[in-house]
Number of protein chains: 4
Amino acid sequence: MNISELTREESYQLTLKWIKDRGVSVAEIAELTYFLQEPFIPNLTHEMCQDSVCTVLKKREIQNAVWTGIQLDLLAEKNQLAEPLLSIIRQDESLYGIDEVLSIAILNVYGSIGFTNYGYIDRLKPGVLKRLNDKSTGQVHTFLDDLVGAIAAAAAARLAHDQQS
Amino acid sequence: MNISELTREESYQLTLKWIKDRGVSVAEIAELTYFLQEPFIPNLTHEMCQDSVCTVLKKREIQNAVWTGIQLDLLAEKNQLAEPLLSIIRQDESLYGIDEVLSIAILNVYGSIGFTNYGYIDRLKPGVLKRLNDKSTGQVHTFLDDLVGAIAAAAAARLAHDQQS
Amino acid sequence: MNISELTREESYQLTLKWIKDRGVSVAEIAELTYFLQEPFIPNLTHEMCQDSVCTVLKKREIQNAVWTGIQLDLLAEKNQLAEPLLSIIRQDESLYGIDEVLSIAILNVYGSIGFTNYGYIDRLKPGVLKRLNDKSTGQVHTFLDDLVGAIAAAAAARLAHDQQS
Amino acid sequence: MNISELTREESYQLTLKWIKDRGVSVAEIAELTYFLQEPFIPNLTHEMCQDSVCTVLKKREIQNAVWTGIQLDLLAEKNQLAEPLLSIIRQDESLYGIDEVLSIAILNVYGSIGFTNYGYIDRLKPGVLKRLNDKSTGQVHTFLDDLVGAIAAAAAARLAHDQQS
């Protein structure tokens, strides 16, 4: 595959597919953005949140984080990582912070104002984040749950910046 | 003042003094650490949290962030900053993220696992954070409230790392 | 001053003025971008670099870093900071990394690919960076020299991302 | 594998083994640290640099970054990643910044003063970095070359902080 020939539209569509294949919809991520930003933006609509999530997912830096994190989840699920990394990721071990590191890379693109929102929903686990943290399914979402929270928080920060006239 | 002659102990004592002079005690910061880490560490004591906060405050990178942030709060309080920065900091304007940027520098020293804790207490505003966010006092704590949250979250992350045998 | 009424255009113009008042031109920053990116982009022009620097300076996160850093330089120059911060910033002390922290906030907006470029010109000190590091002038540019390097490296990363079709 | 039973010593030894198995020695990383810090610390010895590299490699946050990065290099080498990630990592594509993101996580542990050193050696490619960037070997070191540079720069920052009395 010649990566330099991948167009912006193709890499965006691939990102949407990777997320959908792991059972998460753009609408679910946008729900988190709505939850975060609704107290601060009058007349906020679900459509505005969905548009913001899509714009976030068009950034190459963010796509790279999504691909890398989901790939590691998938390989952990199939036991195709070496120890101790395999057990660390399968058990979502508390001292492993590389999932947060990838999430921070996503947040940084829209400035530092998204960081507190990310931490807030990571602890509350509303909506889709609760489902992704259910360890009884056999699926591994160590990276994806943090990535989804970061994408939602980045989309919220983007909406906040957009309010400036 | 010849900075290269400032000893570790002197720069630590200066940091404690700067924080105390703004009305915040180490015990109050340690309360936040206790609030964050108590669900995860059996037998956690207030003394352990206080020790962890003190260790965090001995790091030079963290001292630099504390001095810089408190200095900016003080200058904003006395109207000694130029516009538009003066109004931005006095009003704790929502698009200004440099207070978070300094806090992130503090969090980074203990790895990425402290980030979600920081965001969580920043939104909940427990304990001393509520007082620092009271805008009716005439005092400016735009930086200090974030710094205190970050120091508490860093101390919590430090305790988590310390549990490894 | 009611900050929420500051328009995007006004905050951009203010940022240009703050930089110019410290003796640095957009063309000089764009020269650094050209130096960094010229080996990698065929047909790169000085005008493209200047446009990229201007686009970078329109981002609010970056404006906040510029205002905060230049303000601290100015106050250090006039001896209006408290000790030990005053001497630390006046002497550009080697353990003080808050100037780098603000620069990293600038770099993050265009993803991680700008980091190595920033480090490279920070050590080589080409063009305007050499002048800003001349300690014999009485002026303090502890923050500005890092900010200028970061803006140039961010503008270079932006050009690299723009090459994708 | 029960990760919570992995001792500090075991995770350190595993990290040394992962790096050695990819053909890089602690002495080679310490050479880079010596190259960076030799102009600034009188009487700096190679042994001091080697000790500093070893101390850096004992930090769990840094071990996590090393394991994750080397694992991705290995999987890319064996064509066991999905597209487009496989080609991106195999070709060390210029817009992919997750290798830098992991390196930044390493640098952050010793504060912001290591960032410029990291960028500097990343562009100059002295010593072992030159070998790791030789694309003709069939080996993939997209992550490892950045990780090695970051470990060396972190060890240099650690030595600088240590000079404070």
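The values are calculated or read from the model by the stated rules, or taken from the named source; none is laboratory data. The structure displayed is predicted, hence computed values, not measured ones. With ideal geometry, Cβ positions are generated from the backbone for all residues, glycine too; neighbour counts draw on all protein chains shown.
Here are some notes:
- Residue within the stretch D:108-129 that is over 20 Å from D:Val56 (Cα atoms), in a loop (DSSP other than H, G, I, E, B), without any contact (Cβ under 8 Å) to a residue 24 or more places away in the chain and of a type outside the set (Phe, Trp, Tyr) present: yes
- Complete set of residues in the stretch C:85-95 that are over 17 Å from the mean Cα position of the chain (by Cα), of a type outside the set (Ser, Thr, Tyr) and in a loop (DSSP other than H, G, I, E, B): C:Gln91, C:Glu93, C:Leu95
- Flag if C:Asp145 is at pLDDT 95 or above, buried (at least 17 other Cβ atoms within 10 Å of the Cβ), closer than 30 Å to B:Lys58 by Cα and acidic (Asp, Glu): yes
- Members of the stretch B:67-84 found to be outside any helix (DSSP H, G or I) and closer than 23 Å to C:Glu61 by Cα, listed by number: B:Asn79, B:Gln80, B:Leu81, B:Ala82, B:Glu83, B:Pro84
- Odd one out for D:Ser52, checked against (1) closer than 26 Å to B:Asn108 by Cβ; (2) surrounded by fewer than 24 Cβ atoms within 10 Å (Cβ to Cβ): (2)
- Residue check, A:Asp99 facing another protein chain (nearest Cβ under 9 Å) and assigned to a helix (DSSP H, G or I): yes
- Matching residues in the stretch B:12-23 - criterion: being away from chain C (no Cβ under 11 Å), surrounded by 16 or more Cβ atoms within 10 Å (Cβ to Cβ) and either free of Cβ contacts under 8 Å to residues at least 12 places away in the same chain or in contact with a helix residue (DSSP H, G or I) (Cβ under 6 Å, 6 or more places away or on another chain) (or both): B:Arg22
- Checking each residue in the stretch A:130-165 for being within 14 Å of chain C (Cβ to nearest Cβ) and in a helix (DSSP H, G or I) picks out A:Ala150, A:Ala154, A:Ala157, A:Arg158, A:Leu159, A:Ala160, A:His161, A:Asp162.
- Restricting D:Leu102, D:Leu72, D:Leu6, D:Leu107 to those that are under 29 Å from B:Gln163 (Cα atoms) and out of contact with any helix residue (DSSP H, G or I) (no Cβ under 7 Å at 6 or more places or on another chain) reduces the list to D:Leu6.
- So A:Ala30, is it touching a residue at least 60 places away in the same chain (Cβ under 8 Å), more than 17 Å from A:His141 (Cα to Cα) and among the small types (Gly, Ala, Ser): yes
- Residues that are under 16 Å from B:Ile151 (Cα atoms) and part of a loop (DSSP other than H, G, I, E, B), drawn from the stretch B:1-41: B:Arg22, B:Gly23, B:Val24, B:Ser25
- Selection count, the stretch B:81-96, where residues are surrounded by fewer than 20 Cβ atoms within 10 Å (Cβ to Cβ) and within 7 Å of chain C (Cβ to nearest Cβ): 5
- Qualifying residue in the stretch C:4-11 (condition: within 12 Å of chain B (Cβ to nearest Cβ) and at pLDDT 95 or above): yes
- Single residue of C:Ile104, C:Ile70 found to be within 26 Å of D:Arg158 (Cβ to Cβ), buried (at least 20 other Cβ atoms within 10 Å of the Cβ) and either of a type outside the set (D, E, K, R) or away from chain D (no Cβ under 14 Å) (or both): C:Ile104
- The stretch C:109-126: number of residues that are facing chain D (nearest Cβ under 7 Å) and of a type in the set (D, E, K, R): 2
- Once the stretch A:95-137 is narrowed to residues that are under 21 Å from A:Phe35 (Cα atoms) and of a type in the set (Ser, Thr, Tyr), the residue that is modelled with the lowest pLDDT is A:Ser112.
- Checked against (1) within 22 Å of A:Asn133 (Cβ to Cβ); (2) touching a Lys or Arg at 6+ places or on another chain (Cβ under 6 Å), A:Tyr12 passes all but condition (1).
- Tally of residues being away from chain A (no Cβ under 14 Å), touching a residue at least 12 places away in the same chain (Cβ under 8 Å) and not in a loop (DSSP other than H, G, I, E, B) across the stretch C:42-66: 8
- Number of the condition not met by B:Lys58 [criteria: (1) surrounded by 12 or more Cβ atoms within 10 Å (Cβ to Cβ); (2) more than 15 Å from B:Ile106 (Cα to Cα)]: (2)
- Criterion violated by A:Lys78 - all others in (1) at pLDDT below 95; (2) out of contact with any helix residue (DSSP H, G or I) (no Cβ under 8 Å at 6 or more places or on another chain) satisfied: (1)
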